[in-house]
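Q: Quick one: structure below, then a few questions.
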Amino acid sequence: MGHHRTSGHTPEEAPRNGTDETSLRGLTRVRPGSSVDLAALPSDATPGCTGAKAEARAETTAMGKELAALQERLYAAATGGDRRRLLLVLQGMDTSGKGGTVKRVVAHFNPAGCRIRAFKAPTAEERAQHFLWRVTRALPKAGEVGIFDRSHYEDVLVPRVHGLVPEPVWTRRYEEINAWERALADDGVTFVKVFLHIGHGEQRERLLARLDKPHKHWKFDSGDIAERERWPDYQRAYAAALERCSTDAAPWYVVAADRKWYRDWAVSRLLLEHLRALDPRYPVGDFDVAAVRERLLAEKTA
């Protein structure tokens, strides 16, 4: 299997900080303060996955059962006052699989305990507010699993690449994001921020595949080609976001996304590792179980 490397950060150097070096968190985490060279990261690697495609898919399905059980425990714990919740943030270039990942992640969970939001271009109302306003409104509540398809990071990507705001404005946002995430982490939010790393050639093949299938034309936008021409600019913008905003409170994980089966396995695995670490517990009942049982058994048959 190929190794996944971040410039200045090898799997062996992954900080402990509660993260087992042999876990997928340790293998894919961007260490705070490290430099990131996306061009040097293989987008078709499969770090942490020891099986082939069929085996990985079977493991992904198997993980779903434990993920569902842990989600139920997280949701139940909130009824007893536990404020913890989890937020999966998905970022990546067009066709990297954000939507597909959301679809497969939701398949693991009870939708009643999920809060899903896909962020498009901001509306007029959203543009009139602070850039974190719309994401704050979409945060998961206690006991929930939140999923962001794109996120607040769009505001340090698109404005930078397209020059929509002055450089001092989007530069200042890195620290605003870090402070916001730190406050949320202190309040019980566990961040799982995943950058889906797709290769330039693989994106071209996926765009061509959309053109070849009429039923997928709705997913194609001619603007996608113009954005693709800005690939180097976006890679630099993403690298900066990973470098500046991977913190102990809310680290980034880089998942190679050329192989869809690995992408699904890796995101499921990252969620599983984080939920296991949270180890939510069912709240203890505040009633006399024996007395209630006796009362039910004493009922006359209707």
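The values are calculated or read from the model by the stated rules, or taken from the named source; none is laboratory data. All of these numbers come straight from a predicted model, not from anything done at the bench. Neighbour counts run over all protein chains shown; Cβ positions are idealised from the backbone, glycine included. Keep in mind that these areas ignore ligands, DNA and RNA; they rest on the heavy atoms of the full protein, side chains included. Shrake-Rupley method; radii C 1.70, N 1.55, O 1.52, S 1.80 Å.
Q: Condition first: assigned to a helix (DSSP H, G or I), among the β-branched types (Val, Ile, Thr) and under 19 Å from residue 55 (Cα atoms). Now tell me which residues in the range 252-302 satisfy that.
A: Of all residues in the range 252-302, those assigned to a helix (DSSP H, G or I) come to 260-278, 289-297.
Imposing the further condition that a residue be among the β-branched types (Val, Ile, Thr) reduces the set to 267, 289, 292.
Within the range 252-302, just 267 meets the criteria.
Q: I've got another one for you. Using the structure shown, decide if residue 240 is at pLDDT 90 or above, closer than 27 Å to residue 94 by Cβ and crowded, with 18+ Cβ neighbours inside 10 Å. Quick ask: steps written out before the conclusion?
A: Values: at pLDDT 90 or above: yes; closer than 27 Å to residue 94 by Cβ: yes; crowded, with 18+ Cβ neighbours inside 10 Å: no.
The answer is no for residue 240.
Q: Let me ask something else about it. Go through 78, 45 for me and flag whichever is over 15 Å from the mean Cα position of the chain (by Cα), more than 27 Å from residue 23 (Cα to Cα) and crowded, with 17+ Cβ neighbours inside 10 Å.
A: Selected residue: 78, the only one of 78, 45 that is over 15 Å from the mean Cα position of the chain (by Cα), more than 27 Å from residue 23 (Cα to Cα) and crowded, with 17+ Cβ neighbours inside 10 Å.
Q: Could you grab the pairs with beta carbons closer than 6 Å, sequence gap of 6+ or different chains, first residue in the range 244-259 and farther than 18 Å from residue 157 by Cβ and open to solvent by 10 Å² or more (accessible area, probe 1.4 Å), second one small (Gly, Ala, Ser) and outside any strand (DSSP E or B)?
A: Listed by first residue and then by second, the contacts come to 249/185; 258/43; 258/199.
Q: Going residue by residue through the range 213-236, is there one that turns out to be closer than 25 Å to residue 251 by Cβ and hydroxyl-bearing (Ser, Thr, Tyr)?
A: yes
Q: Do we find a residue being of a type outside the set (A, V, I, L, M), open to solvent by 70 Å² or more (accessible area, probe 1.4 Å) and modelled with pLDDT of 95 or more anywhere in the range 147-155?
A: no
Q: Then there's this: Of these, 126, 167, 59, which one is more than 30 Å from residue 230 (Cα to Cα), open to solvent by 20 Å² or more (accessible area, probe 1.4 Å) and either among the charged types (D, E, K, R) or touching a helix residue (DSSP H, G or I) at 6+ places or on another chain (Cβ under 6 Å) (or both)?
A: The unique qualifying residue is 59.
Q: Additional query: Do any residues in the range 127-143 that are under 25 Å from residue 75 (Cα atoms) have Cβ atoms under 8 Å from those of residues that are open to solvent by 80 Å² or more (accessible area, probe 1.4 Å) and part of a loop (DSSP other than H, G, I, E, B), where the two are at least six apart or on different chains, and which pairs are they?
A: Pairs that qualify, where the first residue is under 25 Å from residue 75 (Cα atoms) and the partner is open to solvent by 80 Å² or more (accessible area, probe 1.4 Å) and part of a loop (DSSP other than H, G, I, E, B), are 142/83.
Q: Separate question: I need a count of the residues in the range 236-281 that are among the hydroxyl-bearing types (Ser, Thr, Tyr), within 11 Å of the chain's Cα centre (by Cα) and under 20 Å from residue 177 (Cβ atoms).
A: Final tally of qualifying residues: 1.
Q: In addition: Kindly indicate whether any position in the range 158-180 is closer than 29 Å to residue 110 by Cα and at pLDDT 95 or above. I'd like the intermediate steps shown before the answer.
A: Our first condition is that a residue be closer than 29 Å to residue 110 by Cα; within the range 158-180, this holds for 180.
Still in the running and at pLDDT 95 or above: 180.
Scanning the range 158-180 turns up at least one residue that is closer than 29 Å to residue 110 by Cα and at pLDDT 95 or above.
Q: Within the range 169-198, which residues are within 19 Å of the chain's Cα centre (by Cα) and over 30 Å from residue 81 (Cβ atoms)?
A: Passing the criteria: 174, 195, 196, 197, 198.
Q: Also, quick follow-up: State which residue pairs qualify: first residue over 24 Å from residue 100 (Cα atoms) and inside the range 144-163, second residue open to solvent by 10 Å² or more (accessible area, probe 1.4 Å) and of a type in the set (Ser, Thr, Tyr) in any location, beta carbons under 8 Å apart, and separation of 6 or more residues or different chains.
A: 161/234
Q: Something else now. Do we have any residue at all in the range 229-237 that's open to solvent by less than 10 Å² (accessible area, probe 1.4 Å) and closer than 29 Å to residue 145 by Cα? It would help to see each step written out before you state the result.
A: Step one: filter the range 229-237 for residues open to solvent by less than 10 Å² (accessible area, probe 1.4 Å), giving 237.
Retained after the next criterion (residues that are closer than 29 Å to residue 145 by Cα): 237.
Within the range 229-237, one or more residues are open to solvent by less than 10 Å² (accessible area, probe 1.4 Å) and closer than 29 Å to residue 145 by Cα.
Q: Quick one: which of 231, 265, 261 is on the phi < 0 side of the Ramachandran plot and in contact with a Cys (Cβ under 7 Å, 6 or more places away or on another chain)?
A: Checking each option against the conditions leaves just 265.
Q: Provide a single number: the residues in the range 257-299 that are among the charged types (D, E, K, R) and either within 30 Å of residue 64 (Cα to Cα) or modelled with pLDDT of 95 or more (or both).
A: Qualifying residue count, the range 257-299: 10.
Q: Scan the range 248-302 for residues that are in contact with a Leu (Cβ under 7 Å, 6 or more places away or on another chain) and aromatic (Phe, Trp, Tyr) and jot them down.
A: 252, 253
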